Amino acid sequence: MKQGLLIVVSGASGTGKGTVCNALMESLPELAYSISATTRSPRKGEQDGVNYYFLAREEFEKMIEEGGFLEWAEVYGNYYGTPLKKIQERLAEGQDILLEIDTQGALKVMEKCPEGVFIFLLPPSLEELERRIRGRGTETEESIARRLGAAKEEIGVGRKYNYVVVNDRVEKAVEQIQAILVAEHCRVEQNTKIFEVLEK
Ligand code: ADP
Ligand code: 5GP
């Protein structure tokens, strides 16, 4: 059986990762979403086990010690991590899995899984990024300033990824990611089995 693709989408906070990934998941029901664990409090409307696994710091630290994460990072004072077990299971079943994580986490995944597909989402401009963070209405002034300051530094990390998608319109960003996934499935490395069968 073909291994699934490990797809990583990241980019600065407020770029629209959550929005684009939700729309992508709706358009590709067979795609699995990696639910991260975090120590931050749930935002209005967020559900445990759906958006995140909301853990206490001690629980998160225990999971780190037990080697339960593919990667983890401290982002804006809270822990965030990608649980390893589900990812291994999904990939072995030949299912693609989508990780929506920050740039620190993505760099760690690049080291561990260089065969992954790394997609960097960019905002159309820094002004629009600020508008989006403010418009979301979930952050304090201090948190907005922190996220904007970090964003400028984070954007350069995008050069290390395989693909870059500008999130101007959500539908267009989703179409571009779909096209990336189609192309990735057509890579020769992804199709060694069919060569083996046909060359027998
Ligand atoms: P992230 O997950 O990267 O932190 P979100 O998905 O929460 O970002 O998006 C931040 C804000 O920007 C949200 O209010 C969202 O509705 C808005 N947004 C996302 N993508 C777009 C877009 N293409 N055009 C306009 N607004 C957008
Ligand atoms: P938020 O608190 O806005 O949901 O997320 C803050 C940041 O943490 C975002 O950049 C988001 O992509 C990132 N994040 C979410 N889950 C994970 C994860 O499992 N690992 C890492 N490294 N970052 C994550």
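Values in this text are rule-based calculations from the coordinates and carry no lab data. Keep in mind that what you see is a predicted model, and the values were worked out from it rather than measured. Cβ atoms come from the backbone with ideal geometry, glycine included; neighbour counts cover every protein chain shown.
Miscellaneous remarks
- Net +/- balance of residues flanking Glu154 in space, Cβ distance below 15 Å, scoring K and R +1, D and E -1: +3
- Taking a ≥ b ≥ c as the square roots of the eigenvalues of the Cα gyration tensor, an a/c ratio of 1.5 or more together with a/b no larger than b/c marks the stretch 1-69 as oblate.
- For q = 0.18 Å⁻¹, Debye-computed log10 I/I(0) when each Cα of the stretch 111-195 counts as one equal scatterer: -0.90
- Taking Cα centre as origin and charging only the Cβ of basic (Lys, Arg, +1) and acidic (Asp, Glu, -1) residues, the dipole magnitude of the stretch 125-191 rounds to 40 debye.
- With eigenvalues of the C-alpha gyration tensor scaled by 5 and rooted, the stretch 35-94, Å: 20, 15, 9
- Antiparallel %, DSSP beta bridges [both residues in the chain], to 5: 30 percent
- Placing +1 on the Cβ of every Lys and Arg and -1 on the Cβ of every Asp and Glu, with no other charges, gives the chain a dipole of roughly 260 debye about its Cα centre.
- Too-long pairs where the Cα-Cα distance tops 31 Å, listed order kept, from Lys2/Lys62; Lys172/Lys200; Lys86/Lys152; Lys112/Lys193: Lys2/Lys62; Lys172/Lys200; Lys86/Lys152
- The stretch 1-119: C-alpha pair distances exceeding 22 Å, %: 30 percent
- Local electrostatic count, Thr82, Cβ distance below 11 Å [Lys/Arg +1, Asp/Glu -1]: +1
- Shape metrics for the chain, restricted to C-alpha atoms - Rg then Dmax, Å: 17.4, 64
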